[in-house]
Amino acid sequence: MTDRLDGSSGFPRISVAVMYHPARGDRIPRIAEACAPLRLVPVPDPDPGSFPSPLRTAKRAWAAWSPDATHHLVLQDDVLLVDGFSAHLRAAVAARPDDALALYAHWNSPYNSYAIRQAAAGGASWARLVPGEWVPTQGLVLPVGLAKELGDYLAGVPDHIRDDDTVIDLFLRERDRRVLAAVPHLLDHDEVASVAGNTDHGVRRATVLLPGADLPPDRWREPPRFDKGAVMRAEGASTWDFSVTYAFGTCFLGFLRPTSEEFVRHPFGRWSDWCGVLGLGQADVLGGLEEYLATSGGRDRARTLAEAGTAPGTAAELWAAAFLLGADVASGAGTGPENGRGTGRGTGARADLAGPLRRAAVTSWIDSGLPAADRALLTGGARAALADLGVAGLTRGLTADRRRTAAVGDPLAGEILRRLATREAEGFLRTARFPPPLTVEVVTCPGCGAGPEEAAAYLRTVEFCALRVVRPGAGPRDGTPWLRMTGCERFPVHGLTLVADVRERLPRLSGEFVTRSAYLLDQGLAPDAPDPLPALTAVDAAERWADEFFAGRLSPSTAPAVMVLPVSTGVHRWAARPAAGLLEPAAWVEEVSRYGRALGGHPLAPHSPASGAAERYRAVRDDLAGRRLTEITLNHPPGPRVNGRFDPARLVRPW
């Protein structure tokens, strides 16, 4: 067995193909040199003058396996291989000879990058990737029998499907074959212009890379310790899971549940809206940040970030992402079929790599998740200071108790609040495959003055469907779905999902959707008094259409002209109007605290004050959402998470 693992017996024998566009032919010699002594077989695009289609070339590359090989690796022409690549590759394949191995995944893939960050934060050598997201194909290794089967499978898929990574995901899901990603990665994605039609995807560097790290061969023998994709595997899972991402300088939270219908980019919501489902309150997440900034080291980082002009909210949101990652590692350590459950909070066999891996996971969040203007501020030591803050948040999360503030079942709350919360929980669970374009009419908030400009800035960070922002009275409606909101509202993505779901099920529906806050302003009711009974009563009555919709009884003829959405909103950062210019360190720290306090939100309107009723509302909503997620997970039939025979139309991404 030892010979098999160290490769001294000639195992594994790996054939290597690189798929390339002729315009990038000059890159092949460098890749071949980096692969040595493995022999590289170049596979050019057979029709480079036609429409971009990685799939067209992938068909030939996966058919280029060698008859005497035990495994086949396909690379793409824009990869950068780590030093000692071939030795690391042979050791990794020898340790996991029966698995599909991804040598890279890009740093902002919604679920896979988080699975890799979780593995890195837990000191693991492998990350199980999530079925249903595209398979990273920049460097993918398969046992040669599976590679041959894949080549035959791809040959029957039309070139216009384009995305080989999506087709390969379906191929592996149909066979319930898992994909493991190497941690750290063994290659990176170079920053070159895309020839595959992916120009709008931005920079796609590695999620966790440790250039020059000492990676002994026995590292790869360690089994995976976590399984973010368990709910999407044939054997199923006992509970749902979640994923965290950091984008636009904001932490988002997405929930994983078994499904064959959701697209990979089904949207994430703000962490502050849904952390209660995880059994964590907003204060649990951000409380440690204030304590950290009160330490000597924290004050030094705050000074550096304040002097660089880094927004306090940017730091708070990174802390939240890192804290949730740490809490996830602590509660999920040792999960998966090879480990059982609950084996403790260890950090892996190589303690000397634990720190660098965690820092790499956090740093790639900073580099991928900040807007360009914010990244430009991270000069001097600011980037390192922000990374230090993130690592401190991750470390704090490792000791989090996700039971302290978990929502209790059926707390005492008013009947109206209970109905509002129940509707929002049900709406949160809706899905949509092809969200239509949405026109958003923005009413200026009488409280803070935020209007269309501020709303447009916020909505640019919402990746779900095409959004067109207009002012009141902007002209005749064009038949697209219409939403009316106030300019300061942090309208959550699950509200957009509900709109899309309604339109998919009732395509002939007319009328407009309105937020709770905008509706109350229409009615002349001030929503900013503590728990106003008239406002609650009015909103409850205006949301009754949603009860009919969830029960399957709503029709275009019975729907009201104005449909108030059962969604609570907070205030987005573009409406907060931060002070101009640089902040003094003490003021910067106070702004961090103020930012956290402003995240709460009320079920009626963004500027409504916090109250006990609002807390009970969230407790009811979050408890119901968690219970329903569990029901969906447990009741989903076993078997591969795909429906029926291969359907090319299902692989055309709507976004």
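Brief remarks follow.
- Among residues of the range 79-95 that are hydroxyl-bearing (Ser, Thr, Tyr), none has a beta-carbon under 6 Å from a residue that is crowded, with 22+ Cβ neighbours inside 10 Å and at pLDDT 95 or above at least six positions away or on a different chain.
- Of the helices (runs of 4 or more DSSP H) lying entirely inside the range 351-408, the ones with 3 or more residues being open to solvent by less than 60 Å² (accessible area, probe 1.4 Å) and at pLDDT 95 or above are found at 351-369, 382-397.
- Within the range 65-137, strands (runs of 3 or more DSSP E) holding 3 or more residues that are out of contact with any Cys (no Cβ under 7 Å at 6 or more places or on another chain) and open to solvent by less than 10 Å² (accessible area, probe 1.4 Å): 71-76, 100-102, 126-128
- Yes/no for Ala432 being assigned to a loop (DSSP other than H, G, I, E, B) and either closer than 27 Å to Arg257 by Cα or touching a helix residue (DSSP H, G or I) at 6+ places or on another chain (Cβ under 7 Å) (or both): yes
- Qualifying residue in the range 558-576 (condition: modelled with pLDDT under 85 and either aliphatic (A, V, I, L, M) or over 24 Å from the mean Cα position of the chain (by Cα) (or both)): yes
- Leu146 vs. criteria of a type in the set (A, V, I, L, M), under 24 Å from Asp78 (Cα atoms) and modelled with pLDDT of 95 or more: no
- Output for the range 230-246, where each listed residue is touching a Leu at 6+ places or on another chain (Cβ under 9 Å) and either basic (Lys, Arg) or at pLDDT 90 or above (or both): Ala230, Trp240, Asp241, Phe242, Ser243, Val244, Thr245, Tyr246
- Comparison of Ala327, Ala283, Ala316, Ala311 shows that the only residue that is at pLDDT 95 or above and either closer than 25 Å to Glu584 by Cα or of a type in the set (Phe, Trp, Tyr) (or both) is Ala316.
So that you can scan it fast, the table gives a plain yes or no per residue for (1) assigned by the TED database to the domain that holds Pro446; (2) touching a helix residue (DSSP H, G or I) at 6+ places or on another chain (Cβ under 7 Å); (3) under 20 Å from Ala432 (Cα atoms); (4) β-branched (Val, Ile, Thr):
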{"site": "Ser510", "(1), (2), (3), (4)": "yes, no, yes, no"}
{"site": "Thr515", "(1), (2), (3), (4)": "yes, no, yes, yes"}
{"site": "Leu520", "(1), (2), (3), (4)": "yes, yes, no, no"}
{"site": "Pro534", "(1), (2), (3), (4)": "yes, no, no, no"}
{"site": "Asp540", "(1), (2), (3), (4)": "yes, yes, no, no"}
{"site": "Glu543", "(1), (2), (3), (4)": "yes, yes, no, no"}
{"site": "Phe550", "(1), (2), (3), (4)": "yes, yes, yes, no"}
{"site": "Ser555", "(1), (2), (3), (4)": "yes, no, yes, no"}
{"site": "Val564", "(1), (2), (3), (4)": "yes, yes, yes, yes"}
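- Residue within the range 113-123 that is charged (D, E, K, R) and either modelled with pLDDT under 95 or in the same structural domain as Arg358 (by the TED database) (or both) present: no
- With respect to the conditions (1) under 22 Å from the mean Cα position of the chain (by Cα); (2) closer than 23 Å to Asp214 by Cβ; (3) modelled with pLDDT under 95, Thr335 falls short on a single one, namely (2).
- The single condition among (1) at pLDDT 80 or above; (2) in contact with a Gly (Cβ under 8 Å, 6 or more places away or on another chain); (3) not in a helix (DSSP H, G or I) that Arg641 does not satisfy is (1).
- Of everything listed in (1) out of contact with any Gly (no Cβ under 9 Å at 6 or more places or on another chain); (2) closer than 30 Å to Trp365 by Cα, the single unmet condition for Val79 is (1).
The values are calculated or read from the model by the stated rules, or taken from the named source; none is laboratory data. No experiment lies behind these values; they were computed from the predicted model shown. All Cβ positions, glycine included, derive from the backbone under ideal geometry; neighbour counts span all protein chains shown. Keep in mind that these areas ignore ligands, DNA and RNA; they rest on the heavy atoms of the full protein, side chains included. Shrake-Rupley method; radii C 1.70, N 1.55, O 1.52, S 1.80 Å.
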